[in-house]
1. For a quick check: sort Met327, Met249 by the number of other beta carbons within 10 angstrom, fewest at the front.
2. Answer with a single label: of [x] 64, 46, 34; [y] 70, 53, 32; [z] 72, 40, 35, which was calculated as Cα extents along the principal axes in Å from the structure in view?
3. How high is the relative contact order of the chain, given as a whole-number percent (alpha carbon pairs under 8 Å, six or more residues apart)?
4. How would you order 340-346, 269-275 from highest to lowest mean count of nearby Cβ atoms within 10 Å?
5. Neighbouring Cβ atoms within 10 Å as the yardstick, rank Glu84, Glu49, Glu256, Glu75 fewest first.
6. Could you order peptides 129-140, 296-307 by the average number of other Cβ atoms within 10 Å of their residues, highest first?
7. With everything on Cα atoms, drop me the angle between helix 14-47 and the longest principal axis of the chain, reported from 0 to 90° to the nearest 10.
8. Based only on other Cβ atoms within 10 Å, what is the fewest-to-most ordering of Phe120, Phe173?
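Read-outs throughout are calculated quantities, based only on the coordinates presented, and are distinct from any laboratory measurement. Since this is a predicted model, take the numbers as computed values, not measurements. As a convention, Cβ positions derive from the backbone with ideal geometry for all residues, glycine included, and neighbour counts pool all protein chains shown.
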Amino acid sequence: MDVPIRLPAGTNADHADRSRPLAVARWLWVVAALVVVMVAVGGITRLTESGLSITEWKPVTGAIPPLTEAQWEAEFAAYRRIPEYTQINGPAGMTLADYKTIYFWEWLHRLLGRLIGLAFALPLALFWAIGAIPAGTKGRLLALLALGGLQGVFGWYMVRSGLGGQATDVSHFWLSVHLLTALVTLAGLVWAALDLRALARGAGARGGARARVIAPAALAGAVLFIQLLLGAWVAGLNAGHASDSWPLMQGRLVPEVDWSRGVVRALTHDPFLLHFLHRWWAFIAFAALVWLARRARRAGARSASIAIQSAVGLQVLLGIATVLSGMALWLAVLHQLVGALLVASVAWGAHAVGSPAGTGSPGGTRGLTDGA
């Protein structure tokens, strides 16, 4: 059953009633934009092999980087004790100057996480205190806050998975949990902002019901989720390097796969199989998302339809270009960035097709920021 979203009671002016959910929606757009930036910086951190450069989790004091030479030497000494250094970067001749470079990306990634937490928690407390959050929305905002906190916890578990034993990289399972949590949070932010924008524009005329996830949107979202999961595993296993040709992989349409340890092991660990699945599942995702985009257009959300089709088309092209370039850094980062934008656009389209204010109402869900 849909839970109605209602404006706060006790306001006299209709304009004030509608400006409050609009202000909350604008705040959520800003946080969503920060999450997109965070995903892009996370991609740089991974691609530059910077993720293990900070070997401790200090949620508060860790915001300040080393300021003296002695502090830098202490951080570098801690890094020199982990397998990534002893087995890879140490023999390669890493210097303190080299270490400072990878430290910067991991520090920036963590700093952005802290800033996003503050950018969400502090305005949430303020809006809550002044009664600007419509009834029916508070629970979802608290859930988004919890997801943000979990994101930090998952990030540390991911890093910790690469610090011990003989591991020279993080677990691709923890990497996928970390990345997918961020993308689910992004979708939730977009969805909540769209609900609030609809409320501010008077969509409550149809009873104030929230948009709901209908079957076509759920199906398209599930197909996209699988593709994102495969992409995270490809990234975590460095499987992007399994082939630098397209459409063939090393002269074959279907690569050689090691099945000796079982099907499940191959499906979750073999870099050639995962690369193969990721490159061809992309076209299933393409078809599913174009289908969703057309439904969004019929619901009156032309801009959402254009956004989905543009993002998914560009994402496929960037994926092919990244492979052909031999995993060029700038292309791989763009691939991850557009992936985040694709998630946001799919959330927009799914909201449109499940919105009582937009379904069957041409122009009912116009631009992403119309009126916001």
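1. In order of increasing Cβ crowding within 10 Å: Met327, Met249.
2. [y]
3. Here the relative contact order equals 22 percent.
4. 340-346, 269-275
5. Glu256, Glu49, Glu75, Glu84
6. Peptide ranking by packing, descending: 296-307, 129-140.
7. 10
8. Phe173, Phe120
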